[in-house]
Each structure stands twice: as C-alpha cells, then as structure tokens.
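One structure below.
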Amino acid sequence: MTETGRILLVEDDANLRATLDEVLRDEGFSVAAADSVASATALLAAASFDVVILDLMLPDGDGYALCERLRRDGKTARVLMLTARTLDGDLERGFEVGADDYLRKPYRLRELLARVKALVRRADVATPAAVGLLLGELRIDKDARRVLDGAGAEVPLTRTELDLLVLFVEQPGRALSRNEILDRVWGKNVVVDERTVDNFISSLKKKLRWTPASPFNFKSVRGVGYRLERT
C-alpha cells in the first residue's frame, strides 16, 4: 500500500540520510532532508510536516533542543527520535521535550517504517482540519485550490501558479530542475519551453508580493533551476 505524508528527515550521516530518504520515498512519502539543526530549523519554518525523524547527535547542536524549540513554536509534527544512546535517562529526556517515539540505533528499516506510518496515522487523526500547507503567513488549501495571505485574503493564482507553488512548498530547500518542474506541473507529454518556468516564477513572486526582503523566496540555481528557501 502506498503511503502519503510529509516527512522531515534530520540526520547528519550522509550515507544513512540518503538510504532513509530513498526508502521513505519508495513508500510514497514526501521527504525533505536536513543534516544539521540550522538546516532543519529553516525547513520547519518554511513548511509543515506530519513527522520529523530526528537524530539526536547533530554537528551544530542536539535533537533535544530542536524538539523542544519545535514544540515551543507550536509545531504539531510527530517526532521520532533516533539515537545510539541506551540510557533510560536519555529516553525520558526525549519524551520530556516533546518526542512521540524513540528508536535506538542500530535499527531495522522495517521497524522504522512501521513507526513512521503509525505516527503519520496519528497525525492525521490529531489534526483533521490540517488539509493545507503553511509557508510563513501563507496558508495553501490544496483541496479548495486557494491560497490565503496573513490577513485571510485570497491570493489570485492561476491553476498552474498554484501547482507550481505547492510543488516547491512540499520540497523546501531542494533545487528543482526546469525539466523536473515542467514534468511535475505541466505534464510529461506537454511540450513547453524551459524558459516558461522562469516566467511563471516571476509572476508567482509578484502575486505573492515577494521582494528580496521577504522571509521566503525562489533562489535561482545556476544551470539547474530554482530552490525555495528562507532568506
């Protein structure tokens, strides 16, 4: 059965991060990956997630502090902590700062997937009204096909502009090539010039009233395409 859900994977081991990313995507999850507290914090500010898979030992801090900040900021994502630590006190501390589950290394991928799927189901039950995506003050309602600004006013986007925005918001921090954007938004069987993407990105920025001073923006990645990032 193909799963759905938005996962933030926070793991500094590059090989393990790549393996988990691939396994989760194969299961149908939408995955954003971070290798540090700083990059995870930026992704959490840019989008909402159903589950955060959080390694405790990170190069610029620890998962406890990140989880505690996540809860302090009102984030409702379920948190699965991963650690090589085995002391009961570490487990207790994890739950105290807001973790929902705890998995000791080394672990079996099948067990990790089972726990992630259970947490996604719990997130769905706990937040039935959360049918949209958040990007700063923007609320994107995919079912109603509309975008609301911080004042609750609707931003008048075309179908293609909305699909383009959703694509980036669901993959924050990832550089998307123009060809991938065209395939995902316009369709693989539609012949469209690559520069069409540039025109739509420009139009989208104007409608969202994004300037260089805005908290989010589309970053041009030379020779590739674009990346949505927190400025």
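Throughout, read-outs are computed from the coordinates displayed, never taken from laboratory work. Bear in mind the structure is a predicted one, so any value in this text is a computation, not a measurement. Quick reminder, even Gly has a Cβ in these numbers, built from the backbone with ideal geometry, and neighbours come from all protein chains shown.
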Plugging the Cβ-Cβ distance of N15 and S36 into 1/(1 + (r/R0)^6) at R0 = 25 Å yields, to the nearest 0.05, a FRET efficiency of 0.95
Any idea what angle helix 63-72 forms with the longest principal axis of the chain, computed on alpha-carbon atoms, 0 to 90 degrees, nearest 10? 60
Expressed as a whole-number percentage, the relative contact order of the range 1-100 with C-alpha contacts under 8 angstrom and at least six residues apart is 26
Between R159 and S220, how high is the FRET efficiency from 1/(1 + (r/R0)^6) when r is the Cβ-Cβ distance and R₀ = 30 Å? Nearest 0.05. 0.80
Positive-end residue of T160, L9, G223, charge dipole of the chain with Cβ unit charges: T160
What longest region of the chain stays clear of trypsin sites (Lys or Arg not before Pro) that DSSP places outside H, G, I, E and B and that have at most 12 other Cβ atoms within 10 Å? 1-107
log10 I(q)/I(0), Debye, Cα-only the range 6-126, no solvent, q = 0.19 Å⁻¹? -1.01
Grab the chain and count how many Lys pairs have their alpha-carbon atoms under 25 Å apart, sequence gap of 8 or more, or different chains. 14
Between the range 11-47 and the range 160-228, how many Å separate their Cα centres? 21
Kindly give the semi-axes, whole Å and largest first, of the ellipsoid equivalent to the range 1-70, taking each as the square root of 5 times a Cα gyration tensor eigenvalue. 20, 14, 9
Given [x] 17.8; [y] 20.0; [z] 18.7, the label whose value is Kirkwood radius over Cα pairs in Å derived from this model: [z]
Kindly provide the chymotrypsin sites (Phe, Trp or Tyr not before Pro) of the range 52-108 that DSSP labels as loop, not H, G, I, E or B, and whose Cβ sees at most 16 other Cβ atoms within 10 Å. Y107
